[in-house]
Amino acid sequence: MGGQSALEYLMTYGWALFIIAIVAIALWRLGVFAPMTKQEVLNDFTNLTIQRFKLINGDIFQIEIVNTWTGSVINITSLTIDTPFADPRKNDSVNLVLEEGKAGSITVNMSGTSCDVGKMYTINVTIEYYRRLPNGSWSATKIRDKAKVNVLCESI
């Protein structure tokens, strides 16, 4: 009799336990249970590459960008960051001209905000820039591009 009740229990609840196990394994493999542990670029810009980035006390965000757009010169005019601990901040006084393969740094001052030192944050970065046309003039259309990074809040 004990074997029959064990078999009935397994037939009744076994499928549910099996499905729960499959879902848990799938979520684990997708990284749902893994905390962010390293700085990394999650989504890079279309024609540019993020070289380095840094978040200092939540007051300053620094980023180094490389122009990887083949045969193009660009002029970055603004950079906006959107963080989980502050309203979006914009540096619209940027005038960074980058030839193909060249890098440049941009800083966004975020005074009045703070982040937890040692904690990882996901930050959305938006840049606006113009492309130099073959005739030497700048394009009339401003290009807007977005990226996303995981960044560690560091102290000075």
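Just so it is clear, none of the values below were taken in a lab; they were calculated from the coordinates. Keep in mind that what you see is a predicted model, and the values were worked out from it rather than measured. Ideal geometry is used to build each Cβ from the backbone, glycine not excepted, and the neighbour counts take in all protein chains shown.
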Please work out how much length the chain gains when fully extended from Lys142 to Tyr9, using 0.36 nm per residue of separation minus the C-alpha to C-alpha distance, in nm with one decimal. 41.3 nm
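Mean separation of Cα pairs under 8 Å and 6+ residues apart, divided by the residue count of the chain: what relative contact order is that in percent?
Values: 311 pairs, mean separation 41.4, N = 156.
Taking the mean separation of contacting Cα pairs over the length of the chain, I get 27 percent.
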Just how large is the dipole of the chain about the Cα centre, in debye to the nearest 20, putting +1 at every Lys and Arg Cβ and -1 at every Asp and Glu Cβ? 260
If I fit a long axis through the Cα atoms of helix 2-29 and take the longest principal axis of the Cα atoms of the chain, what angle between them do I get, 0 to 90°, rounded to 10? 10
Within the range 1-67, which trypsin sites (Lys or Arg not before Pro) sit in a loop by DSSP and count at most 14 neighbouring Cβ atoms inside 10 Å? Lys38
Roughly how many whole Å is it from the C-alpha centroid of the range 39-85 to that of the range 107-156? 4
For P(r) over Cα pairs in 10 Å bins from 0, in percent, pick the label among (1) 10, 30, 22, 14, 9, 7, 5, 2, 0, 0; (2) 10, 34, 31, 13, 7, 4, 1; (3) 10, 34, 34, 18, 4, 0 that corresponds to the value derived from the coordinates. (1)
With labels modelled as points extended 7 Å from the Cα through the Cβ direction, what inter-label distance (nm, one decimal) is found for Val97 paired with Arg131? 1.9
Setting aside same-chain residues fewer than 8 positions from Lys54, which lysines have a Cα under 22 Å from its Cα? Lys38, Lys90, Lys102, Lys119, Lys146, Lys148
